[in-house]
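Visitor: One structure, as structure tokens, below. Some questions next.
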Amino acid sequence: MPSGLELSIVVPTFNESGNVRELLDRLRAVLGETGWEVVFVDDDSPDETATLVRSIARSDSRVRCVQRVGRRGLSTACIEGMLASAAPFIAVMDADLQHDETRLPAMLALLRSGSADLVVGSRYASGGSTGDWDGTRAGMSRVATLASRFVVRQDVSDPMSGFFMLRRDVLDASVRRLSGLGFKILVDILASAPGTLRVAEVPYTFRQRSAGESKLDELVIWEYAMLLADKTVGRFVPVRFLAFALVGGLGVFVHMAVLAVLLKALGVAFGTAQSAATALAMVFNFTVNNILTYRDMRLSGRAWWGGLASFMLACSVGALANVGIATYLFESQTTWFLAALAGVLVGAVWNYAVTQLYTWGRKARAS
Ligand code: GDD
Ligand code: MN
């Protein structure tokens with residue numbers, strides 16, 4: 001009789017083909033007789049991590065692969081990997097060997113004993129360390145940890161950790177509330193749990209990345225802000241709409257700046273200048289929304305140009321609706337300010353809804 005499945009290790013990957021074999025060798029060495037499996041969740045990496053994982057899986061059925069096409073995102077990858085497994089205990093760890101796999105048995109023992117609901121591999125618990133991080137990254141990590149106090153009730157030394165283990169029923173209890181935004185899946189889980197979880201910590205030292213490069217860039221700050229916003233005001237307004245509206249606000253500044261230059265510095269006629277400013281503001285809004293608001297469904301290459309065209313078309317209709325409604329209200333005795341505001345709101349909601357469907361929604365539906 002083969003031993004039953006006890007532990008599932010979920011490993012999100014993007015371009016990690018250089019690390020997969022070494023990670024598996026280390027897991028085999030450290031987990032011994034435990035009934036385990038590993039689920040790689042790969043976002044269609046250009047280096048064909050998924051193909052490599054599948055080829056290994058043919059000779060070791062403990063290895064599995066979930067390949068997602070047309071989507072990106074560390075948190076959603078972890079969520080889908082956890083949901084694709086049946087094990088009573090689930091671990092999440094990176095593929096690049098930065099997380100100390102030798103801590104897994106200790107983490108599992110804590111869960112088995114029933115003394116904890118979730119175990120965090122912590123760099124900040126005593127005995128742990130961030131390894132050789134530069135001052136900036138260490139400082140940012142600390143600020144992010146402090147900010148997590150707004151949404152996380154538990155006292156956890158390292159809520160930013162991407163290395164943790166939990167009982168399946170803990171996931172089940174919060175999975176429908178998860179935001180799935182950005183990189184910080186542990187903060188998401190801690191903030192989404194219906195009650196206060198019993199959290200244990202196992203210290204470890206964050207290692208140097210083995211092969212490949214980090215996918216973490218400046219925009220993780222933005223993604224983290226979106227996660228915190230979703231966990232607080234997200235109940236009332238979709239955070240994507242907030243982001244879209246924020247970008248729209250910036251677009252107004254771009255519009256005014258372009259208009260001013262064309263009118264004052266270059267002496268262009270008002271109608272022409274206004275048209276040019278409108279077009280440029282649309283290109284600006286599309287570009288920024290594609291990077292920030294729809295980061296997980298980012299369009300590139302040919303799809304970028306198609307997206308721009310559909311965005312400009314949708315927003316032109318939105319502008320007509322805006323002006324039409326505002327004018328109608330103004331002519332039926334509404335004060336100019338309220339009439340304009342109603343027009344802007346209707347236009348914004350239209351632009352958001354239509355571009356979500358036609359500009360960024362296409363790729364997701366096609367795959
Ligand atoms: N499927 C998928 N999709 N995987 C991804 C994506 C994505 O969009 N982006 C990154 N990954 C995978 C990487 O391939 C790697 O296995 C893991 O997620 C972590 O990504 P890194 O690029 O190595 O991030 P990091 O080392 O800078 O940050 C990690 O460690 C921090 C400290 O523990 C992450 O785990 C952070 O969340 C964590 O705070
Ligand atoms: Mn890493």
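The values are calculated or read from the model by the stated rules, or taken from the named source; none is laboratory data. What you see is a predicted model, and the numbers here were worked out from it, not measured in a lab. Heads up, the Cβs are rebuilt from the backbone with ideal geometry, glycines too, and the neighbour counts pull from every protein chain shown. Surface accessibility is based on the protein's heavy atoms, side chains included, excluding ligands, DNA and RNA. Shrake-Rupley method; radii C 1.70, N 1.55, O 1.52, S 1.80 Å.
Visitor: Antiparallel versus total DSSP beta bridges in the chain: what percent is that, nearest 5?
Guide: Taking every DSSP beta bridge within the chain, about 25 percent pair in antiparallel fashion.
Visitor: What spacing in nm lies between the two simple spin-label points modelled at residue 136 and residue 221, each 7 Å away from Cα in the Cβ direction?
Guide: The two pseudo-label positions are separated by 1.0 nm.
Visitor: Starting from the 7 Å offset along Cα-to-Cβ, what nm value, one decimal, do you get for the label separation of residue 177 and residue 146?
Guide: 2.7 nm
Visitor: Sticking with this structure for a sec: Could you give each residue of the range 256-265 its phi-based ³J(HN,Hα) in whole Hz, using Karplus coefficients 6.51, -1.76, 1.60 with θ = phi - 60°, and x for Gly or Pro?
Guide: 5, 5, 4, 4, 4, 4, 5, 6, 7, 7
Visitor: Residues with amide H under 5 Å of residue 38's amide H, sequence separation 5 or more or different chain, H placed in the peptide plane at 1.01 Å from N; which?
Guide: Counting only residues 5 or more places away or on other chains, the set is 9, 63, 64.
Visitor: How far apart, in nm, are two points set 7 Å out from the Cα along the Cα-to-Cβ line at residue 323 and at residue 266?
Guide: Simple spin-label model gives 2.1 nm for this pair.
Visitor: Let me ask another. Please work out the C-alpha center-to-center distance from the range 173-193 to the range 136-166 and express it in whole Å.
Guide: When both Cα centres are located, 13 Å separates them.
Visitor: Under the rule of -39500 (n - 2.57) per DSSP H run of 4 or more residues, summed and divided by the residues of the chain, what mean residue ellipticity at 222 nm is obtained, to the nearest 500 deg cm²/dmol?
Guide: Here the helix-only value at 222 nm equals -16500 deg cm²/dmol.
Visitor: On alpha-carbon atoms, Rg over Rh for the chain using Kirkwood Rh?
Guide: Here the Rg-to-Rh quotient is 1.06.
Visitor: Based on the mean of other Cβ atoms within 10 Å per residue, sort peptides 219-229, 280-290 so the most packed one is first.
Guide: The peptides rank, most packed first, as 280-290, 219-229.
Visitor: Provide the gained length on full extension for the span residue 106 to residue 313, in nm with one decimal, where the gain is 0.36 nm per separating residue minus the Cα-Cα distance.
Guide: Between residue 106 and residue 313, full extension yields an extra 68.8 nm.
Visitor: Per residue, how much accessible surface does the chain expose to a 1.4 Å probe? Answer in Å², no decimals.
Guide: On a per-residue basis, the chain sits at 48 Å².
Visitor: Given a 1.4 Å probe and every protein chain left where it sits, what share in percent of the accessible area of the range 224-347 is carbon and sulfur?
Guide: Ligands and nucleic acids excluded, carbon and sulfur give 76 percent.
Visitor: Here is a follow-up. Compute the semi-axes of the equivalent ellipsoid of the range 1-98, taking the square root of 5 times each eigenvalue of the Cα gyration tensor, and list them largest first in whole Å.
Guide: That gives 21, 15, 12 Å for the three semi-axes.
Visitor: Work out, step by step, the length gained on full extension between residue 252 and residue 274: first 0.36 nm times the residue separation, then minus their alpha carbon distance; give nm to one decimal.
Guide: Full-extension gain reported as 6.7 nm.
Visitor: While we're here: Just to check I understand the Karplus step: with θ = phi - 60° and J = 6.51 cos²θ - 1.76 cosθ + 1.60, what whole-Hz values come out for the range 200-208, glycine and proline as x?
Guide: 10, 10, 10, x, 7, 9, 5, 8, 6
Visitor: Defining a contact as two alpha carbons under 8 Å apart and six or more residues distant in sequence, what relative contact order in percent does the chain show?
Guide: Contact order relative to length: 15 percent.
Visitor: Apply the Karplus parameterisation 6.51 cos²θ - 1.76 cosθ + 1.60, with θ equal to phi minus 60°, to every residue of the range 329-340 and state each ³J(HN,Hα) to the nearest whole Hz, in sequence, with x for glycine and proline.
Guide: 3J(HN,Hα) across the range 329-340, in whole Hz: 5, 4, 6, 9, 6, 6, 4, 4, 5, 5, 4, 5.
Visitor: Between residue 213 and residue 67, what FRET efficiency follows from the Cβ-Cβ distance if R0 is 25 Å, with the result rounded to 0.05?
Guide: Plugging the Cβ-Cβ distance into 1/(1 + (r/R0)^6) gives 0.75.
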